Every structure is written in structure tokens, then in C-alpha cells.
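Following: one structure in C-alpha cells, then a few remarks.
The values are calculated or read from the model by the stated rules, or taken from the named source; none is laboratory data. The structure displayed is predicted, hence computed values, not measured ones. Using ideal geometry, Cβ is built from the backbone for each residue, glycine included, and neighbour counts are taken over all protein chains shown.
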Amino acid sequence: MNARHVLRWVGGQSFVAAPVNAAPTLLRFDSDDFMDRLLATLAEAPQTLPSFVARPESWQQLGEPTPAPALAAPTSAAARALTRQRSLLGFKREVPAPAPAPAAPLPLKLFQPVHQRFYLATAHLVCELPGLPTRTTSGGDKSGMLLRRLMPGGREAAFVKAPGQPGRWQPLADASQPLPGEEWLPVFPLAYTAPDGHPRKLLAGLIPAARHDDFRFAPLQPATPPTLADDLKASARMAFIAPWQGLIERARATRDAGGQPQVNTPWSEDATQRANALKLSLPIANDQLQESSWRLLQDMAEWLAAHLPEVHARLGSGTAQRTAAQQLLQRLQAATFLPARRAEAVFQNVFSAAVTDPQRSTTAVTDLRAALAAIGAVSAALDQASVAFPRPPAPGAWPTFAFPLAIATASGVLEGPFTRWPASGASVEDIQEEANDHLLTLQAALDDAIDEAVTAGVAGTSRPQAPDAARLARELQDTLKADAGPPRYVLRFVHQRCDCGPLHPAVMSDPSEVFELAGFFDVDAPLRPIRIALPFDTSPGGLRKYGKNSAFIMSDLLCGQMKRVRRLGFGDLVLSVLPWPFHKDLSVPDGGPCGGQGASSFGTICSLSIPIITIVAFVLLIVIATLLDLIFRWLPFLMVCFPVPGLKGKKP
């Protein structure tokens, strides 16, 4: 197979500016109609193509606006061709005078379409003959673009992406050829007539700047797919390890909120009065923690039954055959809540009477292993509960044992089923850290049991879908190890001939100019104009005219809960945080589904007015931003308002 002509890539502006360059040309556009502008430019004035070349900019140093093509007069094709030829008289492909370099040159950063920036990479595929004629390709030939990441030392890495899997960066020993499995970005042809009168075909491709996160956080080294053990560990963390940590944090928040104003109790900084206030507020908060603990025990037991059946089968009694499984059982049994501890003074008045009821024994279940074994008997009834604990939804719905995974006590500390109780006098921060350390120890024993079960082939029959955040965390950790600042990229054009086989490899272009990809929230990003028009006439007479076209579908249970919320007013919220004698506790009456229980209950479809919802969202934005300004100090940078005389809601 003889190839008469040698193929070559040249830049997009090679035939309208001198000299002919070998690197692809990056074009920048600042409007959504960028394709129309490019087509009109190639048709009417291709000699102006260099004015579109991408240059560094930021919102404080904007580049020159994209030139708009002149509108052609509605004349005949011959007249338009004559006008075009006259405009090209005396055209010379001269190198434009270089602009003076700024004092601190900006890096070439490509922004996203949301910033109203669009970038095209352009190049010509030509033959190595006098005049560099355009290469005429056959039907099976393939052209595209390759995005390469520059590694430390100047090496390139290819973006390899298998179908249905996340991409990864594969370092290259030879950057002159595409890597098998490397992602090819599509290109499209644009035919035009060059200023010298010869027909040309420009190949262009849209640079996917909006995929910044895909390219930025892809692992740098060959990525191995997550194993079954990895997915099980991530699933366990999502199912009950992280929620348990959340319970500990919630108990800490309950302890920190102790001493808030109580009804008929004067506000005071006196330590005794604050302790009394904490004592009054604990039962309600700890009842909620107890119900959350029951739900979490459900998740733990169901997860063990699905993925570690050997451990689940021996929760009640017995010894596991495998070492790590037995150590996990011992760790669960060591997480104790001893009867002697519950009888101490620090646990007085911690729970309401519903928890300490004689029928709900606080001594029957003393460790986490027994609690997991006991929760299965009431799991189905617990799922049917439609009201919050301690309200009785139905006989036998709530478990007959109390085993909170985290609570706040009357002494103002945190407690839970941990292997070692905090020393007296320890700060609440130390107690919370110790509780989390014990939980991490439990997680380590669980990980060992998972590895052992997977190796032995007894890890259950189903593979859970691990959260995407777990995969991203692993890959980002590996990526940051070799991170040397913002990633830098280059583009290469590539052409693969369909009928030449290995004798003639793919034709690669030189790398383009080095550039960066901007993130969605980039401090240098240009500002796309965004206008949200609020209703002009906000008087009752004006707002009543808007239709209600946004429908919300609510079940009977959610309908009943919303009715309870609607009975609370803004004044109730204010009074609930004021000191005595103005303080008034929130009164949230009991309630079930709308319409009652059984067949008489009903759901609703509520239709709301979108303009009023928009006003509410804007007001809440201002209120919440003002409150959070106490932490973030962002209010001076949030908003700027310009007066518009004559912009009236009601015309006189």
C-alpha cells in the first residue's frame, strides 16, 4: 500500500495569516450564536479569523468583544462574490504586530458556557504538496481531537474512558499516537474560500470546557475498578456508621442548647438555673434520639443480614467460625449500656416516662449485639408507625427496650454505648472525640470482617450500589497526592486512515497552546447577564390576578404533617426564643393523616402561584443571608442595587 501524499495538520488561521503554523488554533466566542458568527465570518470575511483567537482574560480584564460579521445586502450571488473579491484586494497574509505584554500576564483559561464563553479548536488536514491542498478523505476515515493533560516534567497524559465508567488519566511514553481507549472529541467540517481563491475545508471541534470536574478530578494513575469489599465498606458507612456519627453530633447540639429559655422561668446566667433548664429540655430531645437509634439499629441489622449473614445469624448467641467475624461480634458486645450506669444520678430525668415505662425495660438489652438481635422482632411494626415517638401509633409499634446510641445527660455531657466511659471532668469536645474514636474502632472491625467474608465467598448474595461520593473520595485522594496546582491541558488533532493499517499510523498535530479549564465558580469568570423579573404590581389587587399553575401532590400522611406546621405562626417562633416573662413554648398538637385513619384518609393536590413563590424565595434569601452574615461576613459583597427612575409597580 503506497501513500502518494504525506498528510499534515496545520492551524486554523494558516491560510489567512502568515506563517503557516502547525499547532491547532483556539477560537473564542462570547455569545450564544457563536456558530452563526463563525459561519458568516468564513463566508464573508475569512481574513478576519485571527481576531477570534483566544487570549487570556478575566471579568476585570475582558478581552476584545467577538467581532460581529457585517450583514450582507440582499443582492444576487454574483454581486456578493464581487463585493467579497473587492474586499480582498491587496490582502496579504502578514503577521500582525504583537500587542504589548501586560505587566502580569494572565494564564489562558477557558471558561464555561454558563459564563457566556465558547471555544472552538480549528485545524486543516492538508497534503504535503506545493500549496498544501486540502486532503480529501474517504468515507471510512476518522478525524477527531484529543485532550491531553500536562504532567509534571512536561509529559502528556491521555484521558481514557470506557463506556459506562468514569475516565482516568493515563501517562504516555509516546505522545505522538493516540492511546487505545482514549476519548476522541468530535470535529465537524466547515467549507470556505480562502482569500487566495482556493477552496478550503476547516475542521473544528467544540472544547468541552463545561466538563471541568470530569477532567479535574479524574485519577492520574490507572484506576482499578472498586472491589466488592470496597463497595461493602462504603455501603456500611452510608447505612449506619455516618448516621451514628450524626446522632453523636445531634446529642452534642442538644447539650449545647441546654439552658434555653423555659416557660415561666426568668432568663439567667446562673449555673444552677441553667442546669435546671437543661434538665427540663432533655426528655424531649432524648426521646427523639431514642427513636432515631431504633431506626439506625434497623438499618444495621438489615445490612448485616444481607451482607454478613454469619455475623447476623449469631447476634443472639453463639460463636462465629471465622476470626474477624468473631472479633466483630465481640466488639458489638463490648458496646455496652450497663444497668448500673443507667441507675446513676447523671441519668435521672434523662428520658420521658414513655421511655422509662416499666413495660419498656431499660435493663433487658445491655449491649449493641443484643440490641441488634432484638430489633428484628419489632422491625415491621416500627416501619408502620406514622407518628413520632413517644406517641402511641398502635399497640406494640415501639420496641420494648430502650437502647439509645447517643444521648445528652443531666450533667451536661454525652453518653452512649461505648467501650470506655469518659473520665469525670472531661470537656464535651473530648467526650465527642472519644465517642467517634470508639465508632471508628467498630468500623475497623467491620472492615476486617468484610474483607474476610469476601475472601471466603460468604459476603451475601447481593452487591450494594456504593455512593458515588465514596468513589470520588478515593480517586480525589490519589489525584491530590500528585497535584501541582491547576491542571494544564493541550489539544491535538488526529486523523486515522481506514485503509492503511499499521503501515501508516494516525496523523497527529502538534499540541495547541497550553490552557486551563475554569470551574463553575471561578473568580476570574466573565459574568453572564442573568435577569430574574419579580412581579411588578405586588399589591393584593395585582397578585390576585396571577394564576396558580404549580401543583404539589401530598399523601395523606404529609398532608397531616403540613396542617400541624401551618398552625404555627411567626409570633410563636419569636416567643419560643424570648426569655421569661415573654417566653412561650411551641405548641404542636398531635395529628394523624388528613381525614383520619383507614379508608377515610385522603391526600391532596395543592396549586400555588409561582410569582408569589418567587417573592417568598427572594425575601427568604435576604433574611437567611443576613442571619448567616454573623458567620461568613459576606453581606457587603452580596448585592449592589442601581436606582431606575420610572420603574413603577402601578402606573398613575
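The rows are residues; the columns are (1) surrounded by 15 or more Cβ atoms within 10 Å (Cβ to Cβ); (2) assigned by TED's automatic domain parsing to the domain that holds Ala402; (3) assigned to a helix (DSSP H, G or I); (4) at pLDDT 90 or above.
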site: Lys279; (1), (2), (3), (4): yes, yes, yes, no
site: Pro283; (1), (2), (3), (4): yes, yes, yes, no
site: Leu289; (1), (2), (3), (4): yes, yes, yes, no
site: Ala301; (1), (2), (3), (4): yes, yes, yes, yes
site: Gly316; (1), (2), (3), (4): no, yes, no, no
site: Leu328; (1), (2), (3), (4): yes, yes, yes, yes
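Just checking, does the range 524-539 include any residue being surrounded by fewer than 17 Cβ atoms within 10 Å (Cβ to Cβ) and not in a loop (DSSP other than H, G, I, E, B)?
No, the range 524-539 contains no residue that is surrounded by fewer than 17 Cβ atoms within 10 Å (Cβ to Cβ) and not in a loop (DSSP other than H, G, I, E, B).
For every residue, the table says whether it meets (1) more than 29 Å from Arg55 (Cβ to Cβ); (2) of a type in the set (Lys, Arg); (3) without any contact (Cβ under 8 Å) to a residue 12 or more places away in the chain; (4) touching a strand residue (DSSP E or B) at 6+ places or on another chain (Cβ under 8 Å).
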{"position": "Leu108", "(1), (2), (3), (4)": "no, no, no, yes"}
{"position": "Phe118", "(1), (2), (3), (4)": "no, no, no, yes"}
{"position": "Arg148", "(1), (2), (3), (4)": "no, yes, no, yes"}
{"position": "Ala158", "(1), (2), (3), (4)": "no, no, no, yes"}
{"position": "Lys161", "(1), (2), (3), (4)": "yes, yes, no, yes"}
{"position": "Leu179", "(1), (2), (3), (4)": "yes, no, no, yes"}
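With respect to Pro195, determine if the residue is surrounded by fewer than 16 Cβ atoms within 10 Å (Cβ to Cβ) and either over 31 Å from the mean Cα position of the chain (by Cα) or more than 24 Å from Ala469 (Cα to Cα) (or both).
It is false that Pro195 is surrounded by fewer than 16 Cβ atoms within 10 Å (Cβ to Cβ) and either over 31 Å from the mean Cα position of the chain (by Cα) or more than 24 Å from Ala469 (Cα to Cα) (or both).
Name, by its number, the condition in (1) within 25 Å of the chain's Cα centre (by Cα); (2) not in a loop (DSSP other than H, G, I, E, B); (3) not aromatic (Phe, Trp, Tyr) that does not hold for Pro163.
In the conditions (1) within 25 Å of the chain's Cα centre (by Cα); (2) not in a loop (DSSP other than H, G, I, E, B); (3) not aromatic (Phe, Trp, Tyr), Pro163 misses (2) alone.
For every residue, the table says whether it meets (1) surrounded by 12 or more Cβ atoms within 10 Å (Cβ to Cβ); (2) modelled with pLDDT under 75; (3) out of contact with any Leu (no Cβ under 9 Å at 6 or more places or on another chain); (4) assigned by TED's automatic domain parsing to the domain that holds His312.
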{"site": "Asp448", "(1), (2), (3), (4)": "yes, no, no, yes"}
{"site": "Gly457", "(1), (2), (3), (4)": "no, no, yes, yes"}
{"site": "Thr461", "(1), (2), (3), (4)": "no, yes, yes, yes"}
{"site": "Leu472", "(1), (2), (3), (4)": "yes, yes, yes, no"}
{"site": "Leu476", "(1), (2), (3), (4)": "yes, yes, yes, no"}
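Give me a count of the residues in the range 548-563 that are loosely packed, with under 15 Cβ neighbours inside 10 Å and either within 28 Å of the chain's Cα centre (by Cα) or closer than 17 Å to Ser609 by Cβ (or both).
The number of residues fulfilling the criteria is 6.
How many residues are free of Cβ contacts under 8 Å to residues at least 60 places away in the same chain and either of a type outside the set (Gly, Ala, Ser) or in contact with a helix residue (DSSP H, G or I) (Cβ under 6 Å, 6 or more places away or on another chain) (or both) when one looks only at the range 530-560?
Qualifying residue count for the region: 11.
Can you give me the number of residues within the range 178-197 that are of a type in the set (Phe, Trp, Tyr) and part of a loop (DSSP other than H, G, I, E, B)?
So the count comes out to 1.
Run Leu332 past the list (1) within 20 Å of Gly460 (Cβ to Cβ); (2) at pLDDT 90 or above; (3) out of contact with any strand residue (DSSP E or B) (no Cβ under 8 Å at 6 or more places or on another chain) and report the number of the one that doesn't hold.
(3)
Go through the range 628-652 and give me each residue that's surrounded by 10 or more Cβ atoms within 10 Å (Cβ to Cβ) and among the small types (Gly, Ala, Ser).
If the condition is that a residue be surrounded by 10 or more Cβ atoms within 10 Å (Cβ to Cβ) and among the small types (Gly, Ala, Ser), then Gly649 is the only one that fits.
For the range 145-152, does any single residue satisfy the condition of being at pLDDT below 90 and not polar (S, T, N, Q)?
So far as the range 145-152 goes, yes, one or more of its residues are at pLDDT below 90 and not polar (S, T, N, Q).
Give the residue that is nearest to the chain's Cα centre (by Cα), with candidates limited to residues of the range 624-652 that are assigned to a loop (DSSP other than H, G, I, E, B) and aromatic (Phe, Trp, Tyr).
Across the range 624-652, the extreme among qualifying residues is Trp634.
Select from the range 132-156 the residues that are under 28 Å from the mean Cα position of the chain (by Cα) and hydrophobic (A, V, I, L, M, F, W, C) and write down the one among them that is nearest to Arg497 (Cα to Cα).
Out of the qualifying residues, it is Leu146.
If you go through the range 490-541, how many residues are at pLDDT 85 or above and either acidic (Asp, Glu) or on the phi > 0 side of the Ramachandran plot (or both)?
6
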